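Peer 1: Okay, handing you the structure first.
Derivation of every value follows stated rules applied to the coordinates shown; laboratory data play no part. None of these values were measured; they are calculated from a predicted model. Glycine also receives a Cβ, built like all others from the backbone with ideal geometry; neighbour counts cover every protein chain displayed.
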Amino acid sequence: MSAQNPVSPKVVASTAGAGVGALLSTLILWVLGVLVWGVPGTSAEVANALAAVPGPVAAFVPPVVTVLSAVIPGWRTNDPLRVSPADLEKIQALKMVA
């Protein structure tokens, strides 16, 4: 990271999103354990609620939530150093004229 090579806002947004996704996936697994598999939602039963979720579901949820949580903010964030599609069309039109 330097003045010549700054960190893109897209990288920051995706990294933050991935961190949130990792936390959110655990919450989703706990909610599934409580609502779908009927484990009490008390703090003493957190481990049991997570353990009640079947292995395939527990293996599927975290990567999907983490990837979506990283991709969506990265996709939606604008990078001021990156050429927008409208600007790219203008540049290409100027090259054709020249």
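Peer 1: Using alpha carbons only, how many angstrom separate the centre of region 1-35 from the centre of region 63-83?
Peer 2: Spelled out, the Cα-based centre of one part sits 10 Å from the other.
Peer 1: Taking the Cβ of each residue in 37, 30, 75 as the centre, tally the other Cβ atoms inside 10 Å and list the residues starting with the fewest. Could the numbers behind the result be given before it?
Peer 2: Working: 37 14, 30 19, 75 11.
Arranged by neighbour count, lowest to highest, 37, 30, 75 become 75, 37, 30.
Peer 1: Follow-up question, since we're still on this one. How much mean residue ellipticity at 222 nm does the chain get from its helices, if each DSSP H run of length 4 or more adds -39500 (n - 2.57) and you divide by all residues, to the nearest 500 deg cm²/dmol?
Peer 2: Working: 4 runs with 69 residues, N = 98.
For the chain, the value works out to -23500 deg cm²/dmol.
Peer 1: Give, in whole angstrom and from largest to smallest, the semi-axes √(5λ) of the equivalent ellipsoid of the chain, with λ running over the eigenvalues of the Cα gyration tensor. Display every interim value, and only then the final one.
Peer 2: Numbers: eigenvalues 399, 40, 15 Å².
Whole-Å semi-axes of the equivalent ellipsoid: 45, 14, 9.
Peer 1: Could you list 95, 90, 10 in order of exposure, starting from the residue whose Cβ has the fewest other Cβ atoms within 10 Å? Spell out each step's value before the answer.
Peer 2: Details: 95 8, 90 12, 10 16.
In increasing order of surrounding Cβ atoms, one gets 95, 90, 10.
Peer 1: Something else now. Charges at C-beta only: +1 for Lys and Arg, -1 for Asp and Glu. How large is the resulting dipole of the chain about its Cα centre, in Debye rounded to 20?
Peer 2: Numbers: 5 positive and 4 negative charges, 63 e Å.
The dipole magnitude comes to about 300 debye.
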